[in-house]
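Heads up, the thing below is written out as structure tokens.
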Amino acid sequence: MKRRVYFPMSCEILHIGHVLAIREAKKYGNVIIGLLSDEVIEEYKGHKPIMTYKHRAELLISLMETHSVLRQKTLKPDPNLLKELNIRYIASGDGFEPEEIEAAEEAGVSTLDIRLPNEKEGEKKYSTTNIKNKVIKQWQKNCF
């Protein structure tokens, strides 16, 4: 059986950073995306996601590197599900949340810290927040 990588993410706006991170994770096994529900994103980030869960899931499953997409209903991945799916790694492209580390430890799986090309430790070259801020600045520049 091929190794499996569980990759929790919000993916409010699918961008090249997501694609590159999923592609890198694919080198370690079949990638199962733990896509945060709309409710979890709202609780975690303090706002509703830009795209609905359904649209985000459809985009992610369309990537050839994605094996499957599962709805993640809490910020902490379910350790029992990780065991049941025989997950080898939990991946992160922008640093692990404490809940993700806790789930990995409880499930006995390794963490996989994805570093993207030309991205240094602590740098978020590819970031949804940065993209949103650029869009806002551009909109303000053009409208005011």
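The values are calculated or read from the model by the stated rules, or taken from the named source; none is laboratory data. Note that this is a predicted model, so its numbers are computed, not measured. Using ideal geometry, Cβ is built from the backbone for each residue, glycine included, and neighbour counts are taken over all protein chains shown.
Observations on the model:
- Scanning the range 1-18 for residues that are β-branched (V, I, T) and surrounded by 15 or more Cβ atoms within 10 Å (Cβ to Cβ) yields V5, I13.
- Selected residue (criterion: surrounded by the fewest Cβ atoms within 10 Å (Cβ to Cβ)) from residues of the range 37-47 that are out of contact with any Phe, Trp or Tyr (no Cβ under 7 Å at 6 or more places or on another chain) and of a type outside the set (S, T, Y): G46
- Residue match in the range 107-127 (condition: surrounded by 16 or more Cβ atoms within 10 Å (Cβ to Cβ), farther than 17 Å from M9 by Cβ, at pLDDT 95 or above and more than 15 Å from the chain's Cα centre (by Cα)): yes
Results for (1) more than 12 Å from the chain's Cα centre (by Cα); (2) surrounded by 17 or more Cβ atoms within 10 Å (Cβ to Cβ); (3) of a type in the set (F, W, Y); (4) more than 17 Å from L20 (Cα to Cα), shown as yes or no for each residue.
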{"site": "P49", "(1), (2), (3), (4)": "yes, yes, no, yes"}
{"site": "R56", "(1), (2), (3), (4)": "no, yes, no, no"}
{"site": "L60", "(1), (2), (3), (4)": "no, yes, no, no"}
{"site": "L70", "(1), (2), (3), (4)": "no, no, no, yes"}
{"site": "T74", "(1), (2), (3), (4)": "yes, no, no, yes"}
{"site": "P79", "(1), (2), (3), (4)": "yes, yes, no, yes"}
{"site": "L82", "(1), (2), (3), (4)": "yes, yes, no, yes"}
{"site": "S92", "(1), (2), (3), (4)": "no, yes, no, no"}
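- Single residue of K48, K54, K2 found to be at pLDDT below 95, basic (K, R) and either more than 27 Å from G108 (Cβ to Cβ) or assigned to a helix (DSSP H, G or I) (or both): K48
- Residue identified as closer than 23 Å to K132 by Cβ and part of a helix (DSSP H, G or I) among V69, V40: V40
- Some residue of the range 106-116 being closer than 16 Å to G17 by Cβ, in a loop (DSSP other than H, G, I, E, B) and touching a strand residue (DSSP E or B) at 6+ places or on another chain (Cβ under 7 Å): yes
- In the set (1) touching a helix residue (DSSP H, G or I) at 6+ places or on another chain (Cβ under 8 Å); (2) of a type in the set (G, A, S); (3) free of Cβ contacts under 8 Å to residues at least 24 places away in the same chain, the condition left unmet by S68 is number (3).
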